[in-house]
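Some notes on the structure that comes next.
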Amino acid sequence: MIAESENLIIVPRRHFGRIVGAAVVCLALAAIVRAFAVGQIEWNYVAEFLTVDAIMTGLVNTIVMAILAMLLGITLGVIFAVMRLSANPVLSMTAVSYIWFFRAVPALLQLLLWFNLALVFPTIGIPGLFSFKTVDVMTPFVAALLGLGIQQGAFTAEVVRAGLLSVDSGQYEAAQTLGMTRLKLLRRIIMPQAMRVIVPPIGNEFIGMVKLTSLASVIQFAEILHSAQNIYYANSRVIELLIVAAIWYVVVVTILSLIQGRIEAYYARGVAAPARR
């Protein structure tokens with residue numbers, strides 16, 4: 001029996017579905033490439049406007065806004081995640097309400113609300129000390145930062161909370177036994193372990209934030225899409241300028257994806273990678 005089995009020929013399994021799927025994908029990609037190649041697109045305009053000052057300024061504004069909004073979002077996310085896990089019902093319910101409201105309202109609507117805040121509050125400040133006209137304070141930059149950052153904080157709070165809950169409860173008990181304060185416990189024991197869970201989704205959120213800044217074009221914030229729109233309103237090269245904006249978004253997101261991979265690898269040290277099937 002053993003001799004007969006050794007003479008058997010192993011025939012690899014045919015995956016006809018995969019072959020057909022790959023062929024369909026290749027045909028679709030070829031059709032898309034051909035459409036862009038023969039379409040009414042003046043590629044020389046794409047090359048000409050790719051690095052003009054207005055586009056470069058919009059690119060810088062996009063990156064700056066994404067970084068600042070994420071910093072605000074992460075700060076609020078950590079604060080409200082800790083409040084959410086607090087034994088104090090007032091703090092916990094405040095965090096729940098914040099997360100519920102700002103995750104429910106669309107980001108574009110939040111931007112419009114912040115930008116038009118002067119319609120509700122003509123002035124802002126502390127009575128008797130100082131006050132400012134809201135229309136002077138709520139510039140497109142400030143409205144975009146508040147709208148994107150506060151909305152991001154609601155999503156980040158849930159990510160941070162999941163990371164904190166992923167740490168074994170014995171770690172909390174051991175640190176409390178040693179007499180650590182809650183702040184020291186989070187900073188020295190819990191957060192370093194929770195970062196392995198928190199970093200991947202935060203990285204994705206940051207990449208999403210870069211693209212989300214394009215919503216700020218509706219309140220006249222001069223990010224890259226708004227800059228492209230201003231140019232094609234003047235020369236009517238709509239597709240060409242939209243391609244320019246898309247190219248820069250792809251470049252920025254590609255760089256951020258590479259950085260995210262390095263950061264994830266750093267926090268995943270000592271953890272065995274799951275086996276591939």
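Here are a few things to note about the model shown:
- Among the residues making up region 34-89, those that are among the hydrophobic types (A, V, I, L, M, F, W, C), open to solvent by 50 Å² or more (accessible area, probe 1.4 Å) and assigned to a loop (DSSP other than H, G, I, E, B) are 85, 87.
- Inclusion of residue 141 among residues that are hydrophobic (A, V, I, L, M, F, W, C), open to solvent by 50 Å² or more (accessible area, probe 1.4 Å) and under 22 Å from the mean Cα position of the chain (by Cα) is warranted.
- Residue 133, sole failed condition from (1) surrounded by 15 or more Cβ atoms within 10 Å (Cβ to Cβ); (2) touching a strand residue (DSSP E or B) at 6+ places or on another chain (Cβ under 7 Å); (3) of a type in the set (Lys, Arg): (1)
- Pick from region 101-156, criterion among the polar types (S, T, N, Q) and not in a helix (DSSP H, G or I), ranking: nearest to residue 68 (Cα to Cα): 139
- All helices (runs of 4 or more DSSP H) inside region 171-277 with 2 or more residues being in contact with an Asp or Glu (Cβ under 8 Å, 6 or more places away or on another chain): 191-212
- Looking at 8, 59, 72, 27, just one residue is of a type in the set (A, V, I, L, M) and under 30 Å from residue 169 (Cα atoms), and that residue is 72.
- Residue check, residue 167 modelled with pLDDT under 90 and open to solvent by less than 20 Å² (accessible area, probe 1.4 Å): yes
- Leading residue by the ranking (nearest to residue 205 (Cα to Cα)) among those in region 240-277 that are at pLDDT 85 or above and of a type in the set (Phe, Trp, Tyr): 249
- Within region 170-203, being buried (at least 18 other Cβ atoms within 10 Å of the Cβ), within 18 Å of residue 82 (Cβ to Cβ) and of a type in the set (Lys, Arg) holds for no residue.
- Boolean, residue 92 is without any contact (Cβ under 8 Å) to a residue 40 or more places away in the chain, among the hydroxyl-bearing types (Ser, Thr, Tyr) and either surrounded by 14 or more Cβ atoms within 10 Å (Cβ to Cβ) or part of a loop (DSSP other than H, G, I, E, B) (or both): yes
The values are calculated or read from the model by the stated rules, or taken from the named source; none is laboratory data. Just so we're clear, the structure is a prediction, and the values are computed from it rather than from any experiment. Cβ sites come from the backbone with ideal geometry, for glycine too, and all protein chains shown count toward neighbours. Ligands, DNA and RNA are excluded from the accessible area calculation, which covers all protein heavy atoms including side chains. Shrake-Rupley method; radii C 1.70, N 1.55, O 1.52, S 1.80 Å.
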